[in-house]
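Colleague: A single structure is presented below for examination.
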Amino acid sequence: MASTLLSKLKRGLFMTHTEFLERVGDALKRTGPVEPAHLDRLEEALISADAGVGLSVRLVDDLRNRVRKGQITTAEELRPAIRELLLEVLDQANAAAKPSITPGRPKVTLVVGVNGTGKTTTVAKLAKRRQEAGGSVILAAADTFRAAAVEQLEVWAQRVAAPVVHQQEGADPAAVVFDAIATATSRGLDEVLVDTAGRLHTRTNLMKELEKVRNIAAREVPGAPHEVLLVLDATTGSNGIEQAQRFGATAGVTGVVLTKLDGTAKGGVILAIADSLQLPVRWIGVGEGVDDLLPFDAGDFVDSLLDAGA
């Protein structure tokens, strides 16, 4: 199973990995001294992958300092040093994440984000992952704002054999969540996965609606919502950072799902998210299939980015 996930991750990161190594050139070759041009190319590669200008400069300046001090003398020593720095960025985001709370039953997970990021499909894929881990789930079609949103979720729910609670178009999303929690409680289910309306973070009324959903969940289940996952589209690169900042204030985001990673060379945005938002990436989407949502592993991600044999 682990090897299958790693193989999918490498395929999903193929575009990012390939462009990154092309820009780095011979900077990561196994022999020879580290030249100033090598570090310049590494900085350029990180920026091109959307790791963020500030982070890219900071990381490479650290490496330049180590080279000046003689702590790094060859390209063979450069690769593990880069790996260490990238992992540190990701680990700091995990450490800064809100501490996990033992959820009341059922666990309530909100999935939030703007339209077009793959939010609804992510809900269904998450349901499949939870079921594979031995859990029981129900989906709440709380996107009553967008036409055909309920039908889209129902189609995906059938693919993963998960029940759905919904009401008519235009219904109160908080009422849908209330019904889903009540159904989950009566059936003894483990988790409610809530598909919320795809909000533009500038739409005040929709953000207030999301706040109401949070309040209803908290009233019905201790500690709810226990997890709030923000779905971002990797193809938008660093433009997703502003979305995350706006959502974080209202939705209380606890982690990120980065979708469409297989369609972009900007996979370094994972590093930008971790560094600028101090939010952990929980899941990554590397394809359109129901099995193409992978749990994010920092070590595997960094190795897939740097490994010339990936």
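Colleague: Per DSSP H run of at least 4 residues, take -39500 (n - 2.57); add these up for the chain, divide by its residues and hand me the 222 nm value, nearest 500 deg cm²/dmol.
Modeller: Calculated at 222 nm, the ellipticity per residue is -16000 deg cm²/dmol.
Colleague: Principal axes first, then extents: for the Cα atoms of region 2-96, list largest minus smallest coordinate on each axis, whole Å, largest first.
Modeller: Principal extents (largest minus smallest coordinate, Cα): 40, 32, 24 Å.
Colleague: Still on this structure, I have one more. What do you get for Rg/Rh over the chain if you use C-alpha atoms and the Kirkwood form of Rh?
Modeller: My calculation of the ratio gives 1.03.
Colleague: Please sort by residue number the chymotrypsin sites (Phe, Trp or Tyr not before Pro) in region 247-310 whose DSSP state is loop and whose Cβ has at most 13 other Cβ atoms within 10 Å.
Modeller: none
Colleague: Enter the angle in degrees (range 0 to 90, nearest 10) between the Cα long axis of helix 36-48 and the first principal axis of the Cα atoms of the chain, meaning the one along which they spread out most.
Modeller: Orientation of helix 36-48: about 10 degrees from the principal axis.
Colleague: Once the piece of chain linking residue 53 and residue 73 is laid out straight, how much longer is it, given 0.36 nm per residue of separation minus the C-alpha distance between them?
Modeller: Between residue 53 and residue 73, full extension yields 4.7 nm more.
Colleague: Continuing with the same structure: So how far, in whole Å, is the C-alpha centre of region 52-86 from the one of region 123-160?
Modeller: 43
Colleague: Here's something else I'd like to know. Under the rule that an exposed site lies in a DSSP loop and has at most 16 other Cβ atoms within 10 Å, name the longest stretch of the chain with no GluC sites (Glu not before Pro) of that kind, not counting the sites themselves.
Modeller: The longest such stretch corresponds to 1-168.
Colleague: What's log10 of I(q)/I(0) for region 108-206 at q = 0.10, 0.11, 0.14, 0.23 Å⁻¹, Debye sum over Cα points only, no solvent?
Modeller: Ignoring solvent entirely, the Cα scatterers give -0.23, -0.28, -0.46, -1.21.
A short reminder: the numbers here are calculations on the coordinates, not readings from a lab. Here the structure is a predicted model, which means the values were calculated and not measured. In this analysis, Cβ positions are derived from the backbone assuming ideal geometry, glycine residues included, and neighbour counts consider all displayed protein chains.
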